[in-house]
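Trainee: Have a look at this one.
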């Protein structure tokens, strides 16, 4: 019997009420949920299960426009405009953004770029916690918490699980590969609604023969994805 097994046995004999695990004191029932020897269907929920195994994922920084909007909103909601609703504020902010000169917009764009660099550094640090085993254990904890909250929730709650960054993204659609090629050919990184509508219109005009290269891309990506997922499953 390994050390953890002995500790669990001691607990069953009422000789040990809790354990110190990863820098925190947790109950043995919680340890069972986080180890391979635990029961698959744990029906005991404890407050300590709310303790995350890893820090919260860093949030993406707001865009240049959102940075401007927040500043605009704080200035606009003066005493005379303290009852300004969100819809009206958005209209005023949109008009104010449109009036800015390129140099004035660059102030917010530079702020955004700086925040992106900070976000990348923080996210890289956070990613180091993400081993396949830790992701599995943390997602299991989140499911337990979610199931417990559902019992008393008045509305449907969304379950947010951690995605393993080492897993290859699933293959896209032929249309998606077509858009990617168009963006690459045109040197475009960001496209608006009008551009998307144009791409959709052009895609519909293509013949089945014209679409075959993108179908081929899908088939190749599907094979590659399945092969890499098979390797991932065998490793974990």
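Trainee: For the stretch 144-236, which fully contained helices (runs of 4 or more DSSP H) count at least 1 residues that are touching a residue at least 40 places away in the same chain (Cβ under 8 Å) and closer than 27 Å to residue 58 by Cβ?
Mentor: 208-235
Trainee: Got a number for residues in the stretch 174-185 being out of contact with any helix residue (DSSP H, G or I) (no Cβ under 7 Å at 6 or more places or on another chain) and surrounded by 10 or more Cβ atoms within 10 Å (Cβ to Cβ)?
Mentor: If we filter the stretch 174-185 for residues that are out of contact with any helix residue (DSSP H, G or I) (no Cβ under 7 Å at 6 or more places or on another chain), which is where we start, we get 176, 180-181, 183-185.
With the extra rule that they be surrounded by 10 or more Cβ atoms within 10 Å (Cβ to Cβ), the set shrinks to 176, 180-181, 183-184.
Going through the stretch 174-185 one residue at a time, the tally reaches 5.
Trainee: I would also like to ask the following. Take residue 62 and tell me if it is surrounded by 13 or more Cβ atoms within 10 Å (Cβ to Cβ) and at pLDDT 90 or above.
Mentor: The answer is yes for residue 62.
Trainee: Restricting to the stretch 187-223, what's the tally of residues that are farther than 25 Å from residue 167 by Cβ and exposed (fewer than 10 other Cβ atoms within 10 Å of the Cβ)? Can you show your working first?
Mentor: Narrowing the stretch 187-223 to residues farther than 25 Å from residue 167 by Cβ: 187-188, 190-213.
Narrowing further to those that are exposed (fewer than 10 other Cβ atoms within 10 Å of the Cβ): 187, 190, 192-194, 201, 204-205, 207-209.
Going through the stretch 187-223 one residue at a time, the tally reaches 11.
Trainee: Then there's this: Pick from 130, 67: which is surrounded by 13 or more Cβ atoms within 10 Å (Cβ to Cβ) and assigned to a helix (DSSP H, G or I)?
Mentor: 67
The values are calculated or read from the model by the stated rules, or taken from the named source; none is laboratory data. Everything quoted here is computed from the prediction, not taken from an experiment. Glycine gets a Cβ as well: all are built from the backbone with ideal geometry, and neighbour counts include every protein chain shown.
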